[in-house]
Amino acid sequence: MIRKGRLFTPGPTQLLPSAQLAMAAATMHHRTAEFRALYTRVLADLKTFVGTKNDVVMFTASGTGAMEAAVANLTSPGDKVLIVSAGKFGERWEGLAKAYGCQYETVRAPYGETVTPQQVRDAVKPEHKVLYMQATESSTGVRHDVKEIARLVKGTDTLLVVDAITGLGTTHFDADAWGIDVLIGGSQKAVMVPPGLAYCSVSERAWQRMETAKNPRYYFDLRKERKNGAKGESSYTPSTALVAALAAALDYIREQGGGDLAAGRKLLIDNAETAAAMTRAAAKALGLKLFSGSSSGAALTAIAAPDGVDSSDIVKAFRNRFGAIVANGQGEMKGQLIRIAHLGYYDYLDTIAAIGALEQVLAEMGIPIEFGAGLKAAQQVYAETTQPAMAAR
C-alpha cells in the first residue's frame, strides 16, 4: 500500500492546509500598512486564544525564546526563583535561570509524575521573585495543576510564569482570574503552523517588575515588543509568512466555533481531551502501561514500551511501515516510551489511525495483542464522550 506521511509528534504538529496556503502566498513587506493590519489582528486574536485581557507579545523564535524572555525580563542576577520540574522542559527552566545568574530552588517529581500543589506550598518562600513551571510536561505527558499552584502565589510578590507551549489549546486556563503573570505559547503546537513563532501574555504586575529587573535583554526585550506591537509592528524583522499562517489558523479555530474564537478554542481543547482519552483507553486495552499514570495531559499520550522492547524500534516501525512519525522518549527516557500527540489538527480518524497502526506494529514485533481491542476501547470512549453532543443535533 502507499504511505501517507503523518506527524503524531507533540511539536512540530500536523499543519493546517489553509495555513500552508497563507504562508505560501505571504509576500508582503513587514513595514507596510498591509502587514501592520495583519500583525495587529493576530495579536488581538492571540489575546482571545490565550483567554486574557493582558497584552500579548510575539517573537520570531521557538517557544524557548519566550521562556528566555520570561527570565531575562523579570529577574536580576542573584534573585531567588522557584522552579517546578518533572521532565526535560522543567529542567530547561533551571538552565535558563542559571544562565541569567539566578539562585534557583527546584520542586521536583520523578519523570512520569506531577509536582503537587502541596509540594509547592511547602517550598515557596516570600523571597522567591518568580515561580517557573510547565502546564504540560511534554517529555513525559503529565499535566501540572496550574490552577491550584497559581492560587498559592496569588496575592504575593512572587510572579507566576507558565510554559503552556503544549498546554494552550489542550488545557482550559483562566489566566487573569488565576493570576498567571506570563503564559507562553508556540506556533508549532495547537495552532497548527510550523515552528518559528513564540508568544506570551504579560500581566501588569510583570510589566512593573521589568522596571526594576537588571538582567540584560536585547532581542527578547518584552517592553520593546509591547511598544512596537501597539503600532502593529515587531521590533525586528518578523517571519511574515508564519504570521500569515498563524492568522489563517486562528481564523480556522474561529470558524470551528461558529465565528467565535473563544468557542473554537474550547472545541480545540475538548477535541484534544477526547483524542487523549481514546488513546489512553486503547493502550490499557492492549495491555500497555501509561507512562504518565493518573496525571496525564491532553497534549499527548506517553506509553511505556512493553518489557524487553526498545521504543526506538516502535518509532522506526511506525515510520517504515506507515510513514507516520511518533516521538521517542527524550534524554534518559529514550528507548523507554513512545509519545503520540493530540494537539492541533488531529481528529477522530487520525486517532483511530494511530491506534490501528500501533496494534499492527506491536503484532508484527511479536507482542501478543488482540487485533481490534485498542480500537474498540477507543471507539467506546468516543461514543460515550460525544453522545450528548450528537443527541443535541
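The values are calculated or read from the model by the stated rules, or taken from the named source; none is laboratory data. Computed from a predicted model, the values in this text were never measured in an experiment. All Cβ positions, even for glycine, are placed from backbone atoms using ideal geometry, and neighbour counts span all protein chains on display.
Structure data summary
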{"quantity": "Qualifying residue in region 304-314 (condition: within 23 Å of M1 (Cα to Cα) and out of contact with any His (no Cβ under 8 Å at 6 or more places or on another chain))", "calculated": "yes"}
{"quantity": "Residue within region 94-110 that is under 18 Å from the mean Cα position of the chain (by Cα), buried (at least 18 other Cβ atoms within 10 Å of the Cβ) and either outside the structural domain of S296 (by TED's automatic domain parsing) or β-branched (V, I, T) (or both) present", "calculated": "no"}
{"quantity": "Residue check for R319: of a type in the set (D, E, K, R) and either buried (at least 19 other Cβ atoms within 10 Å of the Cβ) or at positive phi (or both)", "calculated": "no"}
{"quantity": "Failed condition for K88, given (1) buried (at least 17 other Cβ atoms within 10 Å of the Cβ); (2) under 30 Å from L261 (Cα atoms)", "calculated": "(2)"}
{"quantity": "Residue match in region 123-135 (condition: in contact with a strand residue (DSSP E or B) (Cβ under 9 Å, 6 or more places away or on another chain), among the hydrophobic types (A, V, I, L, M, F, W, C) and within 30 Å of G259 (Cβ to Cβ))", "calculated": "yes"}
{"quantity": "G257 within 20 Å of Y346 (Cβ to Cβ) and more than 19 Å from the chain's Cα centre (by Cα)", "calculated": "yes"}
{"quantity": "The listed residue being under 24 Å from I340 (Cα atoms), touching a strand residue (DSSP E or B) at 6+ places or on another chain (Cβ under 9 Å) and either in the same structural domain as V115 (by TED's automatic domain parsing) or not basic (K, R) (or both), out of G11, G78", "calculated": "G11"}
{"quantity": "Conditions (1) assigned by TED's automatic domain parsing to the domain that holds W207; (2) of a type outside the set (D, E, K, R); (3) in contact (Cβ under 8 Å) with a residue 12 or more places away in the chain: number failed by G323", "calculated": "(1)"}
{"quantity": "Residue list for region 334-358, filter: more than 22 Å from P306 (Cα to Cα) and among the charged types (D, E, K, R)", "calculated": "D347, D350"}
{"quantity": "A123 vs. criteria touching a residue at least 40 places away in the same chain (Cβ under 8 Å) and surrounded by fewer than 20 Cβ atoms within 10 Å (Cβ to Cβ)", "calculated": "yes"}
{"quantity": "Hits in region 176-191 (condition: of a type in the set (A, V, I, L, M, F, W, C) and surrounded by 24 or more Cβ atoms within 10 Å (Cβ to Cβ))", "calculated": "I180, V182, L183, I184, A190, V191"}
{"quantity": "Wholly enclosed strands (runs of 3 or more DSSP E) of region 269-362 bearing at least 3 residues in contact with a helix residue (DSSP H, G or I) (Cβ under 7 Å, 6 or more places away or on another chain)", "calculated": "324-328, 337-341"}
{"quantity": "Qualifying position, being under 25 Å from Q208 (Cβ atoms), of a type in the set (D, E) and in contact with a Phe, Trp or Tyr (Cβ under 6 Å, 6 or more places away or on another chain), among E68, E105", "calculated": "E68"}
